[in-house]
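The values are calculated or read from the model by the stated rules, or taken from the named source; none is laboratory data. Bear in mind the structure is a predicted one, so any value in this text is a computation, not a measurement. Positions of Cβ are backbone-derived with ideal geometry, glycine not excepted, and every protein chain shown enters the neighbour counts. All accessible areas refer to the heavy atoms of the entire protein, side chains included, with ligands and DNA or RNA removed. Shrake-Rupley method; radii C 1.70, N 1.55, O 1.52, S 1.80 Å.
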Amino acid sequence: MFDTLTDRLSAVFRNLRGKTRLTDADIEATTREIRLALLEADVNLAVVKEFIQAVRERAKGAQIHAALNPAQQILQIVNEELIEILGGAARPLRYAKKPPTVILLAGLQGSGKTTLAGKLGKWLKGQGHSPLLVAADLQRPNAVNQLQVVGERAGVQVFAPEPGNGIGDPVAVAKAGLEFAASKLYDVVVVDTAGRLGIDEELMRQAAEIRAAVNPDEVLFVVDAMIGQDAVNTAKAFAEGVGFDAVVLSKLDGDARGGAALSIAKVTGKPIMFASNGEGLDDFDAFYPDRMASRILD
Ligand code: GDP
């Protein structure tokens, strides 16, 4: 993950080593290299422009109050600006004052939603919660079964429609799931919704309908980081069609470049709350912009 970006940036900082002060030409050359590195990592162009502008201005300002050496100064600025584009401070999950907390998962088919439901369920259990997964993805024939398998692996209860009993109506299933959770004292409900291979109106309408029916505390948009800048476009479509509170990046392990991760918070104005980095149920954690920035600059 981020391999090339890390290599390119460390080369930039290496070039500055030994310099006692930075000229404007040094700053121009450095920001040019950083710009290329970000573009090569497939970062959104508008995000790159803003990033470079901020680094350039701060680097010029930093010349005056030079306490660190130039390489350290630029490294610190780049680190802070990376944290900024990754969303700033970590955004923890908001729990409802009165349980159950309802979390709705939305995203394209194949984005990793069902897997995520299991990971999130396991994570919630680890945090001392009592989660319930609700199978409101009734589009794909196998989706309910897949959630049941994932739930079993995660040791988390799954609420699924009885075969032949209102199976076609995801809104009814989501509502019934909530009632079940309240009656059995589950304190967090994770609702898995249907995805399509591409963005379409029917998908958006259904997700928006489920949203209206269950009034979630958090709508999490799940997106496959491997699709690069398409992740940003998909996010925009979901922001308009369904609306969401935070992003979950999945398949970060398969994304060598990092463009989606480095663009999506800034472009959507929504924080990245969780990241998945593998198919295993434990390949998942809350997302910390500062830790990710350190990894990139490692
Ligand atoms: P859904 O259609 O959105 O519910 O997506 P699935 O949960 O079925 O995931 C689609 C595929 O991606 C499955 O083969 C998963 O095993 C795989 N997958 C999910 N999350 C990750 C991840 O973080 N890393 C990797 N490498 N694969 C993942």
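The table that follows gives values for the structure above.
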{"read-out": "Subset of segment 124-147 (residues that are within 13 Å of the ligand (Cβ to nearest atom) and either touching a Phe, Trp or Tyr at 6+ places or on another chain (Cβ under 6 Å) or not charged (D, E, K, R) (or both))", "value": "Leu133, Ala135, Ala136, Leu138, Gln139, Pro141, Asn142, Ala143, Val144, Asn145, Gln146, Leu147"}
{"read-out": "Any chance Arg91 is open to solvent by 30 Å² or more (accessible area, probe 1.4 Å), within 12 Å of the ligand (Cβ to nearest atom) and among the charged types (D, E, K, R)", "value": "no"}
{"read-out": "Among residues of segment 104-131, those that are part of a loop (DSSP other than H, G, I, E, B) and open to solvent by 10 Å² or more (accessible area, probe 1.4 Å), counted", "value": "8"}
{"read-out": "Of all residues making up segment 258-281, the number that are among the hydrophobic types (A, V, I, L, M, F, W, C), within 25 Å of Ala154 (Cα to Cα) and within 14 Å of the ligand (Cβ to nearest atom)", "value": "4"}
{"read-out": "Helices (runs of 4 or more DSSP H) wholly inside segment 1-95 that include at least 2 residues being in contact with a Ser or Thr (Cβ under 7 Å, 6 or more places away or on another chain)", "value": "3-16, 45-64"}
{"read-out": "Leu45 vs. criteria out of contact with any Gly (no Cβ under 8 Å at 6 or more places or on another chain) and modelled with pLDDT of 90 or more", "value": "yes"}
{"read-out": "Hey, Asp255 among the acidic types (Asp, Glu), away from the ligand (no atom under 16 Å from the Cβ), in contact (Cβ under 8 Å) with a residue 12 or more places away in the chain and open to solvent by less than 50 Å² (accessible area, probe 1.4 Å) or not", "value": "no"}
{"read-out": "Residue that is out of contact with any His (no Cβ under 6 Å at 6 or more places or on another chain), of a type in the set (D, E, K, R) and open to solvent by 70 Å² or more (accessible area, probe 1.4 Å), where the choices are Asp26, Asp3", "value": "Asp3"}
{"read-out": "Among (1) under 17 Å from Val189 (Cβ atoms); (2) of a type outside the set (S, T, N, Q); (3) within 16 Å of the ligand (Cβ to nearest atom), the one test that Ala176 misses", "value": "(3)"}
